[in-house]
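Inspection log for the structure reproduced underneath, given as structure tokens.
Please treat every number below as a calculation from the coordinates, not as lab data. Note that the structure is predicted; figures quoted are calculated from it, not measured. Glycine also receives a Cβ, built like all others from the backbone with ideal geometry; neighbour counts cover every protein chain displayed.
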Amino acid sequence: MKTCLIVIDAQESFRHRPYSTERDMPAYLAAQNALIAGCVARGVPVVRVLHVDGPKTSDNPFALESGYVTPLKGLRDFTAAATFHKGRHSALIGTGLDVWLTQNGISRLIISGIRTEQCCETTTRHASDLGWTVDYVLDATLTYDMQQPDGSPVSAADIKACTATVLKDRFATICTVKQALQRATPGATP
């Protein structure tokens, strides 16, 4: 089964949002970098997806004009097999990623990046619905604390646990970095 790693929105833009914190960044970067290194070593193509939207002004961190739509500092340098810019939560809407994956015979996706419950989860659900097998590498995703509608806090850890719960066995196989790399090794059992 031909596999591709997708690194979603691992970009400097997030460091310029009011909710941003570096609390979980070191663990995320360690996992993301290990996943990238392992995929590169196995000859698995690595695709970069960057989020671009909102007003095209220098004060919008998700606008190209801001200079922040660049790889996250601390992220392992890699030569992307392809790079796509997206303006929606799913990396499969309006980017051409779906066409690229099909043209390259990719049948399994490894999903990683920022934010766990938004762009990573949405891309996972969309990819599964379109027929791809998806490995969701929870430890190679990052999110931030949020508030429920009533104002009560929800920790990033709880958000990640919820995402794993709703994706598991319905939309994706929830994997550690090690498990995803084992599954991506040529000749591995799916």
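On the basis of the beta-carbon distance and an R0 of 25 Å, R23 and T176 show a calculated FRET efficiency of 0.75.
When only alpha carbons are used to place a centre, segment 132-163 and segment 84-111 end up 22 Å from one another. Taken as entire DSSP H runs, the helices of the chain that both span 15 Å or more between Cα atoms along their own long axis and average 0.0 or more on the Kyte-Doolittle scale are 25-42, 156-167. Shape class for segment 3-181, computed from the alpha carbon gyration tensor (a ≥ b ≥ c): rounded, with a/c under 1.5.
From the square roots a ≥ b ≥ c of the eigenvalues of the alpha-carbon gyration tensor of segment 28-106, which class results: rounded (a/c under 1.5), prolate (a/b over b/c), or oblate? Oblate, because a/c is 1.5 or more while a/b does not exceed b/c. Taking the Cα centre of segment 77-178 as origin and assigning +1 to Lys and Arg Cβ atoms and -1 to Asp and Glu Cβ atoms, the resulting dipole is close to 220 debye.
Residue ranges 4-16, 93-105 sort as 4-16, 93-105 when ordered by packing (mean number of other C-beta atoms within 10 Å per residue, highest first). For segment 94-147, the relative contact order is 41 percent, taking Cα pairs closer than 8 Å that sit 6 or more residues apart in sequence and dividing their mean separation by the residue count. Note on K168: lysines with a C-alpha under 26 Å away, same-chain residues under 8 apart excluded, are K2, K86, K160, K178. Classification of segment 1-60 by its C-alpha gyration tensor yields an oblate form. The axis ratio a/c (a ≥ b ≥ c) is 1.5 or more, and b/c is at least a/b.
DSSP assigns beta bridges within the chain; of those with both partners inside it, close to 10 percent run antiparallel. Once C-alpha pairs closer than 8 Å and six or more residues apart are averaged by separation and normalised to the residue number of segment 3-181, the relative contact order reads 25 percent. Its alpha carbons give segment 84-190 an Rg and a Dmax of 14.5, 50 Å.
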